[in-house]
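Here's the structure we're looking at; comments come further down.
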Amino acid sequence: MKQHAPSAERNREPLLPVLRESLPSRGTVLEIASGTGQHAVFFARAFPQLDWQPTDADSIARSSIEAWRREERLPNVREPLALDASASTWPVESADAIVCINMVHISPWEACQGLMRGTARVLPPGGPLILYGAYFIEGRPTAPSNLAFDASLRERNPAWGVRELGAVTAEARAHGLERDQVIDMPGNNFTVVFRKRGG
């Protein structure tokens, strides 16, 4: 059941130094939409002082995560949980940080809204929500590859698509999250760090 995503292999190394700067020194990291599970085991190995909680709404993805977890046998990777970001309740009550890689554009807008609601419930004040993916940013030229990517996503599912970072930021602020950093990444992607107000 173990699956492999080439994109996870490509983006994990560039993400590593960003996570080193943004994650807490200890605690639990909740990963939303963990996909294959490659990120979970890679980052758990890189951050042995953190407990990594992978999740996914898809049962096939959760089987793959569990296969990676069993193969790697890392003590700080928990069993994957069924979690739909858009749901009104999550199976996790608290976490010290949230990581969400390549979900916001490959899901309906309701998933982004639910992500912000859930993050506000789960994170402590000052805790980070770390997003990675493609975004349209006002005032910055859009790479042709991102326009083509957006068109291909909407062709697969009209509810999907590259999001305007301004709209994502507004949704975050509505739930008590402030944008802290926007970091340029390879392949015309971005890492966006939000933090819960009050820290």
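The values are calculated or read from the model by the stated rules, or taken from the named source; none is laboratory data. Model, not experiment: these values are computed from the prediction. Using ideal geometry, Cβ is built from the backbone for each residue, glycine included, and neighbour counts are taken over all protein chains shown. Keep in mind that these areas ignore ligands, DNA and RNA; they rest on the heavy atoms of the full protein, side chains included. Shrake-Rupley method; radii C 1.70, N 1.55, O 1.52, S 1.80 Å.
Within region 167-199, the set of residues being open to solvent by 50 Å² or more (accessible area, probe 1.4 Å), touching a residue at least 24 places away in the same chain (Cβ under 8 Å) and outside any strand (DSSP E or B) comprises Ala174, His175, Pro186, Gly187, Asn188, Arg197, Gly198, Gly199.
Of all the residues in region 145-157, those that are exposed (fewer than 11 other Cβ atoms within 10 Å of the Cβ) and in a loop (DSSP other than H, G, I, E, B) number 0.
Among residues of region 56-74 that are in contact (Cβ under 8 Å) with a residue 60 or more places away in the chain, those with a Cβ under 6 angstrom from a residue that is part of a helix (DSSP H, G or I), sequence gap 6+ or separate chain, pair up as Trp68/Val41.
One residue is enough: does region 67-88 have a residue meeting the conditions under 28 Å from Val162 (Cα atoms) and modelled with pLDDT under 95? Yes, region 67-88 contains at least one residue that is under 28 Å from Val162 (Cα atoms) and modelled with pLDDT under 95.
Matching residues to (1) under 14 Å from Ile130 (Cβ atoms); (2) in contact with a Pro (Cβ under 7 Å, 6 or more places away or on another chain); (3) of a type in the set (S, T, N, Q):
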{"site": "Glu31", "(1), (2), (3)": "yes, yes, no"}
{"site": "Ser34", "(1), (2), (3)": "yes, yes, yes"}
{"site": "His39", "(1), (2), (3)": "yes, no, no"}
{"site": "Gln49", "(1), (2), (3)": "no, no, yes"}
{"site": "Ser63", "(1), (2), (3)": "no, no, yes"}
{"site": "Asp84", "(1), (2), (3)": "no, no, no"}
{"site": "Trp109", "(1), (2), (3)": "no, no, no"}
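All conditions in (1) modelled with pLDDT of 95 or more; (2) touching a His at 6+ places or on another chain (Cβ under 9 Å) hold for Asp150, with the sole exception of (1).
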